[in-house]
Amino acid sequence: MTGAFSPEHALPHPYVFADSGRRERDRLQLLARLTDPAHQRALRAGGLRAGLRCLELGSGTGTIAAWMADQVGPRGHVLATDINLSFLSDLRRPNLSVRELDVLTDELPRGAFDLVTCRALLHHLPRPESVVERLAKALRPNGVLVLMEPDAGAAVFGGPEHQRFWSAWCRWGQGAGIDFRLGHKLPRIVRRAGLDLGDVTMEVPFYSGGSPWGELYRSTVRAAGPGLSSWIGPDPVAEFESLTAPDSHPMCSFGWVTVCGRAASGTKAVRAR
Ligand SMILES: C[S@@+](CC[C@H](N)C(=O)[O-])C[C@H]1O[C@@H](n2cnc3c(N)ncnc32)[C@H](O)[C@@H]1O
C-alpha cells in the first residue's frame, strides 16, 4: 500500500501537531475519550457489524480501530493506519493490523473495504475533497464512509472576546494549512465523491476552564506552538485561560460534525455532476 499515486499530492505538507511525546499522547487520548461516543454512534448508524472489513485513516491512539475490531469480530478485519505509529504500538487484536500510511501520498486499495472512517484528520490536509474521493473509491459496493471533523463555527454562540479568539485561531490555521471550518463542508464533499449522503449530525460541547473539553482545547492551543502568538498575543494559553476563568459561563467553539456516505450497490463510486 505504498508508492506515490500522483505528484500533485506529493507536495510536502507537514502535520502541525506532529509529536510523539507524552503530552501529545495525553492530548490525543483526551480527544479520543471525548469524541469516541459520537464517532461510535455514527459508525453503528452506518451499519458497522460482525464480519465487515474496515479501514481507519489517521488512527491516532487507535481507540476507534480497537473498538471496531471488537464489533466486527473474528470474521471481520480492521486496518488501522497513521503516518505516526508511536501511539499504536500497544494495539493488539487478532483481527486488527496496523500499518504506516500517508493518506496524501500512499495508494489505497480500490473496492476493498465495507467501511472506511477517519476523525479529526481531513481538516489538517490540503484538498480534503480529493482525499475523500480516494476514500470513496476504497469502498466496496454498498460500503460506508463515516467522517467526523470539527467546525469552529459554533464560536458564534460566545461573547465577542471569545469569538475574536477563535477567529484568530482559524486564521492561524489557514496559514498553517488547517481548515477549522471544514465540518459543515463535509456533506457536499461526500456527495461530490459520488456517495449517497446519509446521516449528518453536529454535537456542540460547551466547556469551561478545567472541564475535560476545556482541557482538550487548552492543550491544543498549547500544542500549536509559537506561530500562534502573532495571531492571538504573546501568550495564547494565558489568553485562553482568561476566557475560561472559573466564574465565566460555559462556552462553545467547535461543533463536531459526523457525516455518513454510502457507495452505490454494484457500481463504483463516480463523481456527482
Ligand atoms: C488530530 S489527530 C486525530 C487522531 C484520531 N483520529 C482521533 O481523532 O483520536 C490527527 C491524526 O492524523 C495523523 N495524520 C496527519 N497527517 C496524516 C496523513 N497525511 N496521513 C495519515 N495520517 C495523518 C496524525 O499523525 C494524527 O494521528
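Taken together, the values in this text are just the output of simple stated rules run on the coordinates, not laboratory data. Since the model is a prediction, treat every value here as computed from it, not as a measurement. Quick reminder, even Gly has a Cβ in these numbers, built from the backbone with ideal geometry, and neighbours come from all protein chains shown.
Per DSSP H run of at least 4 residues, take -39500 (n - 2.57); add these up for the chain, divide by its residues and hand me the 222 nm value, nearest 500 deg cm²/dmol.
Using -39500 (n - 2.57) per qualifying helix, the result is -10000 deg cm²/dmol.
Working only with C-alpha atoms, what are the Rg and Dmax values of segment 1-135, expressed in angstrom?
Values for segment 1-135 (Cα only, Rg and Dmax): 14.5, 39 Å.
With the dipole of segment 18-262 worked out from charges on the C-beta (+1 for Lys and Arg, -1 for Asp and Glu) around the Cα centre, which of L28, G194, V131 lies farthest toward the positive end?
Among L28, G194, V131, the one farthest towards the positive end of the dipole of segment 18-262 is G194.
Equivalent-ellipsoid semi-axes (√(5λ), Cα gyration tensor) for segment 18-262, whole Å, largest first?
In descending order the semi-axes read 31, 19, 17 Å.
What residue among R164, R49, R75 has the largest mean-square fluctuation in a Gaussian network model of the chain, using Cα springs under 10 Å?
Looking only at R164, R49, R75, the biggest GNM fluctuation is shown by R75.
Could you work out the relative contact order of segment 18-262, using alpha carbon pairs under 8 angstrom and six or more residues apart, expressed as a whole percent?
Taking the mean separation of contacting Cα pairs over the length of segment 18-262, I get 21 percent.
Quick check: Cα centre of segment 27-74 to Cα centre of segment 200-220, how many Å?
Segment 27-74 and segment 200-220 have Cα centres separated by 20 Å.
Using the crude model of +1 on Lys and Arg Cβ and -1 on Asp and Glu Cβ, and no other charge, please compute the dipole size for the chain relative to its Cα centre, in debye to 20.
The dipole of the chain has a size of about 1060 debye.
Skipping prolines and chain starts, which residues have an amide H placed within reach, meaning under 5 Å, of the one on V78, given they are 5 or more residues away or on another chain?
When sequence neighbours closer than 5 places are left aside, the close amide H contacts are C54, L96, S97.
For helix 22-45, what angle does its Cα long axis make with the longest principal axis of the chain, in degrees from 0 to 90 and rounded to 10?
Rounded to the nearest ten degrees, it is 50.
Rounded to the nearest 5, what % of DSSP beta bridges with both residues in the chain are antiparallel?
Taking every DSSP beta bridge within the chain, about 45 percent pair in antiparallel fashion.
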